[in-house]
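Inspection log for the structure reproduced underneath, given as structure tokens.
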Amino acid sequence: KHSTLFRDSLTSLPSTSDMSSSLLLLPPSSSSSSSSQPHSPLTLTFYNSSRKMRACRNSRFTMCSSHNSHPPNDVVVGCGAAAVDILATVAAYPKPDDKIRSFNLKVQGGGNVGNALTCVARLGLKPRVISKVADDSQGKSVLDELQADCVDTSFMVVAKEGTTPFTYIIVDNEMKTRTCIHTPGYPRLVPQDLSESSLLSALDGARIVYFDGRFYETALVVAREAVRKNIPILVDAEGPREGLDDLLKFANYLVCSAKFPLAWTEASTIPQALVSILLRLPNIRFVIVTLGKDGCIMLERNLDASSTDEADIDRLVESLKTTSSESASHPTCISSSVKTLKAEGIGTVNGRIYVGTAESIPPSELIDTTGAGDAFIGAVIYGTVPPLFPLLLMPLKDHDINMCDLVNPLTHHDFKLHDHFVYFSSVNEYGWDLFCS
């Protein structure tokens, strides 16, 4: 994606031949400051807006081309947020009323759906995005970046007036955290923005539809049509949102943050919450909860004959965690056999539990976690088109959550994901190349 740098805060700059158009970024105005002296604008320079992709070390996979393991009609549709991220890296998170200086500033494409579909495109699928931006410089940048990564933006709505959504992101270099302050776009995407013919065209040939929970009125219209066409649905549940409960009723796959299961089910533990989710949402085939540096847990529903072997899900998960920590020093996935999984006071589900570990990234190689969860979603989508055996799917996801955004992109390291899967390679400021093994 396009990267931008705050020129005055860098110790070194790309050569002038690498630089192209400039963006004038003005601080948001407010009524309380309208009479005060205007701020000096920050001049940000795009230095890779016309980048050339490095040659892949395996010619079977190149940017904007289909992965050989997927046929040409592997279309993925995403409905949700495509936005601009303004990332300011600081030495440490500021205290109240502090004045601090950033030492790096980037402006780049963001939004859950925008990020996840970029990952999907780079893995060789054919994504289409349903979202909305304004006819401003930020909206044009979002469209340009998505198109550069071969994301089909023909179903994006561009408002003649309004504001493209954007997010201020404070990257704490000391604690390696990021804090997001989101400003929604205006006007919002509404069902009237998407004609029936556009909706049908967007879903034509789609293998899966992905929702991030935003624009719920429009999302429900798209979801109902997807169900009518028997297209599977994946929902990303970061947290409670208006209309999310209605959208979840249509979902076949669910990926959620660590906080969501307990908040949504009021269960006492995450494993118990996963059982509750499958009981409350009978269409769900599997649910994954992401746990950051602790990896992830996946509960897969068994649709075959019920197992007579019953197990307490909390004890089973702890046993798998112990086994995974003892069995390997690299990311791995360990699963149970199919069992009747019991959650005390909630009920039972017939299924299989998976525990995936995450690679430990040295602090010196950690930049920030912005977009890591969206890359995770992209890997999950990739693994469901066509469906892969979860033991192959999970190692890809576990590495993806770490490797896409957490490794220093200014160094050159190769990371083997799986003997039969994909290699990631961190490259220079141009981002990530992906290589087919």
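The values are calculated or read from the model by the stated rules, or taken from the named source; none is laboratory data. Predicted model, so just to flag it, every value in this text is computed and none were measured. Here the Cβ positions follow ideal geometry from the backbone for every residue, glycine too, while neighbour counts run over all protein chains shown. Protein only, heavy atoms only, side chains kept; ligands, DNA and RNA dropped before computing areas. Shrake-Rupley method; radii C 1.70, N 1.55, O 1.52, S 1.80 Å.
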task: Kindly indicate the residue of the range 295-334 that is farther than 16 Å from Val275 by Cα and open to solvent by less than 40 Å² (accessible area, probe 1.4 Å) and also nearest to the chain's Cα centre (by Cα) among those meeting that condition.
output: Gly295
- request: Check whether at least one residue in the range 166-185 is open to solvent by 50 Å² or more (accessible area, probe 1.4 Å), in a loop (DSSP other than H, G, I, E, B), under 28 Å from Arg224 (Cα atoms) and not polar (S, T, N, Q), and report yes or no.
  value: yes
query: Within the bounds of the range 206-218, is there any residue that is on the phi > 0 side of the Ramachandran plot, outside any helix (DSSP H, G or I) and of a type in the set (Lys, Arg)?
result: no
query: Mind checking which residues of the range 258-283 are open to solvent by less than 20 Å² (accessible area, probe 1.4 Å), more than 18 Å from Pro240 (Cα to Cα) and hydrophobic (A, V, I, L, M, F, W, C)?
result: Val275
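Confirm whether Thr167 is closer than 23 Å to Tyr216 by Cβ and modelled with pLDDT under 95.
When the stated conditions are applied, Thr167 passes them.
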message: Among (1) surrounded by 21 or more Cβ atoms within 10 Å (Cβ to Cβ); (2) more than 21 Å from the chain's Cα centre (by Cα); (3) in contact (Cβ under 8 Å) with a residue 60 or more places away in the chain, there is one condition Ser137 misses while meeting the rest; what is its number?
response: (1)
Answer residue from the range 339-376, given it is part of a helix (DSSP H, G or I) and acidic (Asp, Glu) and is nearest to Asp172 (Cα to Cα) among those: Glu365
Residues that are polar (S, T, N, Q), in contact with a strand residue (DSSP E or B) (Cβ under 7 Å, 6 or more places away or on another chain) and not in a loop (DSSP other than H, G, I, E, B), drawn from the range 95-152: Asn104, Gln108, Asn112, Ser137, Gln138, Ser141
message: Out of Leu316, Leu366, Leu341, I need the residue that is in contact (Cβ under 8 Å) with a residue 12 or more places away in the chain, under 24 Å from Ala251 (Cβ atoms) and among the aliphatic types (A, V, I, L, M). Which one?
response: Leu341
query: When the range 309-338 is examined, which residues are found to be in a strand (DSSP E or B) and of a type in the set (Gly, Ala, Ser)?
result: Ala311, Ser335
message: Could you list, ordered by first residue, the pairs with Cβ atoms under 6 Å in which the first is in the range 175-189 and modelled with pLDDT of 90 or more and the second is open to solvent by 50 Å² or more (accessible area, probe 1.4 Å), at least 6 apart or interchain?
response: Ile181/Tyr168; Gly185/Thr163; Tyr186/Thr163
- request: Tell me, please, whether a residue that is small (Gly, Ala, Ser), at pLDDT below 95 and under 16 Å from the mean Cα position of the chain (by Cα) can be found in the range 68-77.
  value: no
query: In the range 359-376, which residues are among the aliphatic types (A, V, I, L, M) and either at pLDDT 85 or above or surrounded by 24 or more Cβ atoms within 10 Å (Cβ to Cβ) (or both)?
result: Ala372, Ala375
- line: All-but-one check, Glu217 against (1) closer than 14 Å to Ala81 by Cα; (2) open to solvent by 30 Å² or more (accessible area, probe 1.4 Å); (3) at pLDDT below 95, failing number (3)
